[in-house]
Amino acid sequence: MKTLPDISQITAFMVVSEELSFKRAAERLAVDPSAISRRIKELEVTLGFPLFYRSTHDVRLTDAGRHFYDGSLDLVGTLRDTIATASRVAKGNVGHIRIAYMTFAGLSMLPTALSEYRKLFPELAVSLSYQPTQDQRISLARGEIDVGLMLGPFKHTEFDVLSVASECLFVAMPNQHPLASKAEVSVSDFSDLPLVMGTDRQWDFYRSRVGQSLSLTDLESRIEYEAPDMMGMLGLVKSGLGITIVPEVMKGYCPSGVAMRRITGSEGAIETIASWRRPVEAKVIDFTNILKKISKQPK
């Protein structure tokens, strides 16, 4: 192949691949069907192999066409990313920070820090991704994120760690539950009650921390129901299907019909940390400095 395909040919090919119809592809691209047919033929000549099986009633990708389509998706995605980046450079909006967070950090710490960060550094693009703690550690190691807001503790020779919050634990229960009449509860108060917890895949680290902090050696065996997110857990609790254990930050997000009572002796049970890879970049220093300031503010 002496010459590379034209982008208009690749665009036509991708639309025909998705529609499996030259007519519908032409309608999507607002061109005449003959123009689509011509571009596909020119592309096949350039490549040296057919991309479609054609009949009067059917259009299907060849094996080579299917492979070329998969590669073209990556190519077009890269091109779009390159154009977007170049556009930001042209506008002076250079730089990009990737931040991952888990549920509890996403409720208070992250929104506050991000708001301040955008005021101070509006030229930087920010990408956010929700990831459980264990996934964030992997993403940091792979260089896929710049900062992770996760559950602690965490120690690693290649990463810096900043403790940004330390919270006690609360029991969440239906308003009419007998324990709701108490100002505080002890572990023994709910030692025989069924639990609602997050799913093991998403919440295994949190479940482990709760079990260790409260010395609940039977925590896993007492779990009656699981939900993938905190609102789902609280919904099950509200319906009277069990109790759940949540950090202090959830007090501000308690739905009606659910009461929360502090667990005595649970101070500092749940720690939220920020972690990032060494050597540290300026954009990360700027963000973590904001986290440090927020973590020192009175609650």
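The values are calculated or read from the model by the stated rules, or taken from the named source; none is laboratory data. Being a predicted model, the structure only gives us computed values, none of them experimental. Please note: Cβ atoms are built from the backbone with ideal geometry, for glycine as well, and neighbour counts cover all protein chains shown.
Tabulated data for the structure shown
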read-out	value
All positions within the range 207-230 that are under 23 Å from L107 (Cα atoms), touching a residue at least 24 places away in the same chain (Cβ under 8 Å) and in a helix (DSSP H, G or I)	R209, V210, S213, M230
Residue within the range 278-290 that is out of contact with any Asp or Glu (no Cβ under 9 Å at 6 or more places or on another chain), in a strand (DSSP E or B) and either on the phi < 0 side of the Ramachandran plot or surrounded by fewer than 19 Cβ atoms within 10 Å (Cβ to Cβ) (or both) present	no
Residue among D204, D192 that is among the acidic types (D, E), farther than 26 Å from T112 by Cα and not in a helix (DSSP H, G or I)	D192
Only one of R98, R60, R80 that is assigned to a helix (DSSP H, G or I) and basic (K, R)	R80
Flag if V59 is crowded, with 16+ Cβ neighbours inside 10 Å and of a type in the set (V, I, T)	yes
Set L114, L107: member being at pLDDT 90 or above, surrounded by 14 or more Cβ atoms within 10 Å (Cβ to Cβ), within 16 Å of the chain's Cα centre (by Cα) and not assigned by TED's automatic domain parsing to the domain that holds R201	L114
Test: residue in the range 223-233 that is in the same structural domain as M197 (by TED's automatic domain parsing), surrounded by 18 or more Cβ atoms within 10 Å (Cβ to Cβ) and closer than 20 Å to K182 by Cβ	no
Residue in the range 141-155 that is loosely packed, with under 13 Cβ neighbours inside 10 Å, at pLDDT below 95, part of a loop (DSSP other than H, G, I, E, B) and on the phi > 0 side of the Ramachandran plot present	yes
Qualifying residue in the range 171-179 (condition: of a type in the set (G, A, S) and part of a strand (DSSP E or B))	yes
Looking only at the range 30-58, and only at residues there that are small (G, A, S) and over 18 Å from G71 (Cα atoms), the one that is modelled with the lowest pLDDT	S55
Selection from the range 6-18 of residues that are surrounded by fewer than 16 Cβ atoms within 10 Å (Cβ to Cβ) and closer than 12 Å to V59 by Cβ	E18
Selection count where residues are at negative phi, exposed (fewer than 14 other Cβ atoms within 10 Å of the Cβ) and touching a residue at least 40 places away in the same chain (Cβ under 8 Å), scope the range 20-54	0
Test: residue in the range 252-262 that is closer than 21 Å to G152 by Cα and assigned by TED's automatic domain parsing to the domain that holds E184	yes
